[in-house]
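Accompanying notes for the structure given below.
The values are calculated or read from the model by the stated rules, or taken from the named source; none is laboratory data. Treat the numbers as computed from the prediction; the structure is a model and nothing was measured. Note that we place each Cβ from the backbone using ideal geometry, even for glycine, and neighbour counts take in every protein chain shown. Keep in mind that these areas ignore ligands, DNA and RNA; they rest on the heavy atoms of the full protein, side chains included. Shrake-Rupley method; radii C 1.70, N 1.55, O 1.52, S 1.80 Å.
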Amino acid sequence: NYRTTKEEAKNTAKKIAEKYGYDTKEYSYIKVESNLDSDKDSYIYNVTFYKEYNGIKNPYESIDISYIPQINEIYGFTFYNKKFENNPVEITKEKAEKIVLNEEQKLSEKYEMYDIKKIETELKIVSMNGYANFRANEYEQLHKQTSGNYSYEKWVFYRTEPRIRKAWVVKIIYKIPNDVNKFDGDYNMNDEKFSYFIDATTGEVIGGESVS
């Protein structure tokens, strides 16, 4: 029987990491996933080891291992070790949400936006990017290029230094009117949600992402 369990998968992944010279003792958060819902049916396991800072997992200091128990073969092995600035948390969750609502207000003054349905906020470790600034300055362009039929050659990118910092990730979930046809070719799923990265120390908008 080549099937395994999530606990066995975790232990196997630890041995694989040690075999290649990586000590998993420094990685306190462990996530185990399989390609199917049940251990009985699964045949590929993915184990990710994360370093943690005050209970926050850091995806940029992690070891990701996938393997196939049936043939005892590694399917994938990725090691991340990017410099984390470990900046202090000086901005409150409420302050971060207020900053985001102010950004949304400025957007709604220039563009037709959906109403906000709810906000979800979590303290995370993120990589800075230019996505939120792009959205704030060129909302219509971003909307065009994230639609299905827009030529990649015409895409615009905002670049920034990809520093790794603690940030409040504030997810805006919009209220989509009932009369909007989600199966229409012009419908853009990026209109449903957007997450801002608010620097936990400075309160600056340091990035963002569209979320499905």
From the option list Lys118, Lys106, Lys144, single residue qualifying as open to solvent by 40 Å² or more (accessible area, probe 1.4 Å), of a type outside the set (A, V, I, L, M) and assigned to a strand (DSSP E or B) is Lys118
Applying the selection to region 4-28, what residues are among the hydroxyl-bearing types (Ser, Thr, Tyr), open to solvent by 50 Å² or more (accessible area, probe 1.4 Å) and under 24 Å from the mean Cα position of the chain (by Cα)?
Ser28
Within region 185-206, which residues are within 22 Å of Glu112 (Cα to Cα), touching a strand residue (DSSP E or B) at 6+ places or on another chain (Cβ under 7 Å) and not in a loop (DSSP other than H, G, I, E, B)?
Asp191, Lys193, Phe194, Ser195, Tyr196, Val205
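Here is a yes/no grid of residues against (1) in contact with a Gly (Cβ under 9 Å, 6 or more places away or on another chain); (2) at pLDDT below 95; (3) polar (S, T, N, Q):
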| position | (1), (2), (3) |
| --- | --- |
| Glu73 | no, yes, no |
| Phe77 | no, no, no |
| Glu85 | no, no, no |
| Ile91 | yes, no, no |
| Ala96 | yes, no, no |
| Lys110 | no, yes, no |
| Glu120 | no, no, no |
| Val126 | yes, no, no |
| Gln141 | no, yes, yes |
Given (1) touching a residue at least 60 places away in the same chain (Cβ under 8 Å); (2) within 30 Å of Val89 (Cβ to Cβ); (3) open to solvent by 40 Å² or more (accessible area, probe 1.4 Å), where does Arg159 come up short, assuming only one miss?
(1)
Could you tell me which of the residues Asn129, Asn149 is under 24 Å from Asn54 (Cβ atoms) and part of a loop (DSSP other than H, G, I, E, B)?
Asn129
Pick from region 29-47 the residues that are farther than 23 Å from Glu18 by Cβ and touching a strand residue (DSSP E or B) at 6+ places or on another chain (Cβ under 7 Å): which of them is least open to solvent (accessible area, probe 1.4 Å)?
Ser42
If we scan region 86-102, do we find a residue that is closer than 30 Å to Ala17 by Cβ and either surrounded by 13 or more Cβ atoms within 10 Å (Cβ to Cβ) or out of contact with any helix residue (DSSP H, G or I) (no Cβ under 8 Å at 6 or more places or on another chain) (or both)?
yes
Just to be sure before I move on: is Asn87 part of a loop (DSSP other than H, G, I, E, B), in contact (Cβ under 8 Å) with a residue 12 or more places away in the chain, polar (S, T, N, Q) and farther than 17 Å from Tyr174 by Cα in the structure I sent?
yes
Just to check your reading of the model, which residue among Tyr131, Tyr174, Tyr196, Tyr187 is without any contact (Cβ under 8 Å) to a residue 40 or more places away in the chain, surrounded by 11 or more Cβ atoms within 10 Å (Cβ to Cβ) and among the aromatic types (Phe, Trp, Tyr)?
Tyr187
Among the residues of region 48-84, what is the count of those that are open to solvent by less than 50 Å² (accessible area, probe 1.4 Å), in a loop (DSSP other than H, G, I, E, B) and closer than 21 Å to Arg163 by Cβ?
0
